[in-house]
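Structure first, then comments.
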There are 2 protein chains.
Amino acid sequence: MTENEDGKMLYFLGPLGSFSHQAAMAAGERLKGALRLETHLAACERAFDVIGHVEDGDGLGVLAWENNVEGHVVPNMDALTDALEVAGFGLLVQEVAFDAFVRPGDEDLRQVVAHPHGLAQCRRFIVETGLEPVAAPSNAAACRDLRPGQVALGPAVCGGLYGLETYRSSVQDFQGARTDFLLLSARREAAGLARRLGGGPGGSPRTGDRGSAYESVVVFIPLDTGPGVLAGLLDRIRDAGLNMTSFMSRPIKGNDGTYSFMATIDAAPWDPSLRDVMRESVGRGDWVKTLAVYPGRQRPEPPIAQWMLPRGGAGAGKAMGPDGLPGMDVDKELLW
Amino acid sequence: MTENEDGKMLYFLGPLGSFSHQAAMAAGERLKGALRLETHLAACERAFDVIGHVEDGDGLGVLAWENNVEGHVVPNMDALTDALEVAGFGLLVQEVAFDAFVRPGDEDLRQVVAHPHGLAQCRRFIVETGLEPVAAPSNAAACRDLRPGQVALGPAVCGGLYGLETYRSSVQDFQGARTDFLLLSARREAAGLARRLGGGPGGSPRTGDRGSAYESVVVFIPLDTGPGVLAGLLDRIRDAGLNMTSFMSRPIKGNDGTYSFMATIDAAPWDPSLRDVMRESVGRGDWVKTLAVYPGRQRPEPPIAQWMLPRGGAGAGKAMGPDGLPGMDVDKELLW
């Protein structure tokens, strides 16, 4: 990795003005504040290229990981699973918010330009203004190439970047959407960087009531298939007292019928509890890889109340017959 | 549901010429062949509207469910989980393939038009032809609004639909991408339709070595949180001898820290094994809903061979030291 008095490169998915660019700018601030590390941002054409640069030892990277509406960014997940020399060492949460921009002084507005997803996420604004929607290859490109009479939708960073006026702020329909980005480094440096981000080499950041100051993302591929393989793995995780905040099975790309399991666990890989689980899995011949370790997030842990549940469904105390057994409603909800 | 001699409505995500349209046409053929059911296709502006029409009793629906590259379509998954009167009764696999279209007789080609995702999935074709890429709101819209000098990228169905000439077939970079679509009906009709699709009321379609002719998609929301809740649920599934082909944890939307679990299981909800697991979960107060039941797919079950594994990683017999214990490589792969 290139590190000298000029700092390190930090690669992100472009173009300039993308949400990834905004995340990279925030990452640069955090690395400067917490690690006294200067970074130079560089845009890549594809997420794959971000991983490639880090794999080649060119510097650090920022990669979109999970969105609270769309879920995990599966192609990025698969690419990181398959990368040889890369691992995540930090997690960065970015709000997904759109501003509406115009060219300075422009008043006769007729069209609104954005990526089709951006247009879909700002429907209310488009209906209210009556502007004609026009597709662009990206939100950032819409801002960069803005013409007279057009409004562009994009991340706040685009305003200063392209010399635009903010016509209206936060025009997205859904407030509260956010994307988690992983900070990537060379594998051999990831654990050290995570520890430094979490409070210095010997430091102990928040330990909380979960017993670890870190979270890890680990992929397990059991060499056996069939009923019980997954339950057996999760038994070992449970028996070790580890808490998972996310779990997903994924077919192995191009090989129907084979599966990998990705777990986000409230522990560092070097914590004895998680270390023993991984050691046992490797010992029995499973394929195991830690994709990331980073200082843990503060998370709410609310009780699950009735009002939070999806509509319909059996159980949750509401569909039992007078004899305590499931009634007609249950048949409907379970398709019995 | 509207059913008379004129048949039923079948709703899909438009515009005309979308991959969903192509899936709906295939669904119509299958419903006609297997159930002698005539359908009339109707395009909706949003996936949410497809579910809404089925929920209102207007007819059947087709919903994108899972892509083998991008993963589950999480917003559709969440919307179906929260829908009151809708369930899936069939699964339809569609290849994701792009044809390149031109206006009849057009020869002086300068631009290529598609949704940004379509452009990204046909990069090689664009590089080879040297055409200038232009974004469209959808691939179908690119075909519908095609101008002289332009090539549009879209599903094969667009050719006949918009009177275009096929310039080249199957121009997507990645061969083998596919999307699974769910066929939706009113909840009270879903189990009956699934049985009819699977071989008639008393029929028994493929039983195979997994013991059931059906697959089910079930959402569980345990009312307790904390370590072991998930493992406990999966223990009960394992102890019942049930095989899962997919499993995912999802935060409950808008409520950080709460989770739902979606499992795809090789059994019908009325099979005693799955029935007992659901009964026990409901009995202990969990929220449970069957989202879909459909005739099972034939799936390959290959052994996991070395060459199928992602790169790097510990285990799989390759990184053990001479004493049978994990060596240096393991430290690197696990971030110890």
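Please treat every number below as a calculation from the coordinates, not as lab data. Quick caveat, the model's predicted, so the values are computed rather than measured. Here Cβ is always computed from backbone atoms with ideal geometry, including for glycine, and neighbour counts include all displayed protein chains.
Model label points for B:HIS117 and A:PHE174, set 7 angstrom from Cα along the Cα-to-Cβ axis, are 1.4 nm apart. Among the residues of B:284-295, the average count of other protein chain beta-carbon atoms within 10 Å of the residue beta-carbon is 5.
Less than 5 angstrom separates the built amide H of B:ALA83 from none of the residues sequence-distant by 5 or more or on a different chain.
Ranked from highest to lowest mean number of other Cβ atoms within 10 Å per residue, what is the order of the peptides A:58-66, B:72-80? Could you put the intermediate results ahead of the total?
Values: A:58-66: 24.3, B:72-80: 21.4.
Put in order of decreasing packing, that is A:58-66, B:72-80.
Amide H contacts for A:TYR259 (H built 1.01 Å from N in the peptide plane; partners 5 or more residues away or on another chain; cut-off under 5 Å): A:ILE252. Between copies, the label points of A:GLY283, set 7 Å from Cα on the Cα→Cβ line, lie 3.6 nm apart, reported in increasing order to one decimal in nanometres.
Each peptide in B:134-142, A:107-115, B:282-290, B:89-97 gets a packing score, the mean of other Cβ atoms within 10 Å over its residues, and the list from highest to lowest is B:134-142, B:282-290, B:89-97, A:107-115. Listed by chain and number, the aspartates and glutamates whose alpha-carbon sits under 14 Å from that of A:LYS32, ignoring those within fewer than 8 places in the same chain, are A:GLU3, A:GLU5, A:ASP6. How high is the FRET efficiency from A:ARG147 to A:ASP6, r the C-beta distance, R0 41 Å, rounded to 0.05? Calculated transfer efficiency: 0.60. Secondary structure note: in the stretch B:99-168, about 45% of the DSSP beta bridges are antiparallel. Distances between copies at A:GLY105, taken between label points 7 Å from Cα along the C-beta direction, are 4.8 nm in increasing order. Each other copy holds its own label point for A:ALA26; taking that point as 7 Å from Cα along Cα to Cβ, the gaps run 3.9 nm, nearest first.
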